[in-house]
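Scroll down for the structure; my scribbles are underneath it.
The values are calculated or read from the model by the stated rules, or taken from the named source; none is laboratory data. Predicted, not measured: the structure shown is a model, and the values here were computed from it. All Cβ positions, even for glycine, are placed from backbone atoms using ideal geometry, and neighbour counts span all protein chains on display. Side chains are part of the model used for accessible areas, which takes the heavy atoms of the whole protein and leaves out ligands, DNA and RNA. Shrake-Rupley method; radii C 1.70, N 1.55, O 1.52, S 1.80 Å.
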Amino acid sequence: MVKGRPQPGESSVPPAERLRLTPLPSIGHEQADGAIRRLWVTPPTQGPFDPDDVTWALDGVMVANQALLMPATPTDAFERHYGIHRSYTTWESVTPVVLPHLPQGQHSTGLDRLRQEARLAHAVAQAMRHARIRAQLDSIRVQREPWHRYGHPSQDFSTEGRWTPDRFWHVRMRLTRPVMGPLVLGDGRFVGLGVLAPVQEDNV
């Protein structure tokens with residue numbers, strides 16, 4: 001049985017034992033509308049799940065809007081959009097990254113803004129460590145607005161109430177060395193948030 005978040009009195013499952021289901025918005029060309037048409041399934045590195053059993057269990061399952069799950073045939077274009085089997089140095093969020101709560105302040109001076117950006121950069125670096133990304137940050141930008149044409153502002157993703165709107169950030173980061181996708185960061189990485197896509201000109 002696969003369940004969501006633990007109920008009161010239940011212990012949380014360690015990340016290495018969790019099955020991760022990551023919705024992948026449609027991106028990569030001018031007509032891409034950001035709709036969810038693919039679900040990336042990541043079996044846990046530890047625990048009782050066998051990848052073949054996971055594929056069998058999900059095949060034909062009905063989800064929202066009466067859509068059926070079925071194994072997808074990978075395409076070069078789709079894999080390239082999310083950096084699958086390719087390495088890149090620059091990545092930007094498609095769905096916002098959930099970062100720890102940070103004091104916002106008024107940014108009354110340039111120094112205040114620099115301090116806030118440093119705190120956000122540290123939070124992203126911590127999220128990378130939790131996601132087992134070994135590269136270091138070379139540069140980073142964070143903002144509430146989306147990077148993609150059909151993306152949504154970060155606050156639009158906070159309707160569930162699990163996290164406050166101030167924790168949602170769109171991130172663009174350059175790493176010290178290229179890494180392979182897909183990349184999913186932040187506290188929401190097990191519920192479909194924090195999905196990143198590579199900037200294509202940085203292909204290695």
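Tabulated results
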{"quantity": "Among the candidates 63, 97, 142, 124, residue that is in contact with a helix residue (DSSP H, G or I) (Cβ under 8 Å, 6 or more places away or on another chain) and either charged (D, E, K, R) or within 27 Å of residue 44 (Cβ to Cβ) (or both)", "calculated": "97"}
{"quantity": "Matching entry among 96, 178, 153, 182 (being in contact with a His (Cβ under 9 Å, 6 or more places away or on another chain) and closer than 30 Å to residue 76 by Cβ)", "calculated": "96"}
{"quantity": "Residue in region 193-204 that is in a helix (DSSP H, G or I) and either surrounded by 15 or more Cβ atoms within 10 Å (Cβ to Cβ) or not acidic (Asp, Glu) (or both) present", "calculated": "yes"}
{"quantity": "Cβ pairs under 7 Å, 6+ apart, first in region 117-141 and of a type outside the set (A, V, I, L, M, F, W, C), second open to solvent by less than 60 Å² (accessible area, probe 1.4 Å) and assigned to a loop (DSSP other than H, G, I, E, B)", "calculated": "119/102"}
{"quantity": "Residue satisfying all of: in region 47-60; at pLDDT 75 or above and not in a helix (DSSP H, G or I); farthest from residue 12 (Cα to Cα) among these", "calculated": "59"}
{"quantity": "Residue list for region 42-70, restricted to those being open to solvent by 80 Å² or more (accessible area, probe 1.4 Å) and of a type in the set (A, V, I, L, M, F, W, C)", "calculated": "56, 62, 68, 70"}
{"quantity": "Segments classed as strands (runs of 3 or more DSSP E), wholly inside region 71-184, with at least 2 members that are open to solvent by 90 Å² or more (accessible area, probe 1.4 Å) and of a type in the set (Lys, Arg)", "calculated": "168-180"}
